[in-house]
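Below is one structure; the comments refer to it alone.
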Amino acid sequence: MPETPEDTFNAFFLEVGILAQLSRALFEARLPPGFTLPQFTVLNHLVRVRDGRTPLDLARAFQVPKTSMTHSLAVLERHGLVEMRPNAKDGRSKCVFITETGRAFRQKALEAITPDMAALAARFPAARLAEALPVLTDLRQIMDAMRDV
């Protein structure tokens, strides 16, 4: 049992890290060959948050170097999943928009992992996970705010 609040946080983030690795491997096994989870998460972000953002905005949102984001976007663009358009605000940069093909790719990827999620739900009650979501959301929001300070 953790002895201090810091021990609790360390134990929590250790478990989160292991879960992140396990879930990444599971999800990437369901993606078409040549695609990675970071590329999928860009598509997911563009659908969930909004598209029309610059590569630099996306790199900041994902906390990755701009070169890494540029590589991911190039792969997605090469496959017709996103398109780059001139930024109407400054004319110098570009903005990223998800294509209909990208939306369909994202949906197909989510459908591919559905049997795995069903198998997990058969072994671990979704209601327990639902109970944890508000706590995780609160922690994410606090950590998001801390990174912007």
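Since every read-out is calculated from the coordinates, none of them should be taken as a lab result. Since the model is a prediction, treat every value here as computed from it, not as a measurement. Neighbour counts run over all protein chains shown; Cβ positions are idealised from the backbone, glycine included.
What to note about this one:
- Between residue 24 and residue 78, the contour length at 0.36 nm per residue exceeds the Cα-Cα span by 17.1 nm.
- Segment residue 104-residue 85, length gained on full extension (0.36 nm per residue, minus Cα span): 4.8 nm
- Bridgeable lysines around residue 66 (alpha carbons under 21 Å apart, same-chain partners fewer than 8 residues away excluded): 89, 94.
- Burial ranking of peptide ranges 125-136, 36-47 (average Cβ count within 10 Å, highest at the top): 36-47, 125-136
- For segment 65-82, backbone nitrogen atoms closer than 11 Å to the point 7 Å from residue 147 Cα along Cα-to-C-beta are found at 65.
- The helix-only estimate of mean residue ellipticity at 222 nm for the chain, built from DSSP H runs of length n ≥ 4 each weighted as -39500 (n - 2.57), is -23500 deg cm²/dmol after division by the residue total.
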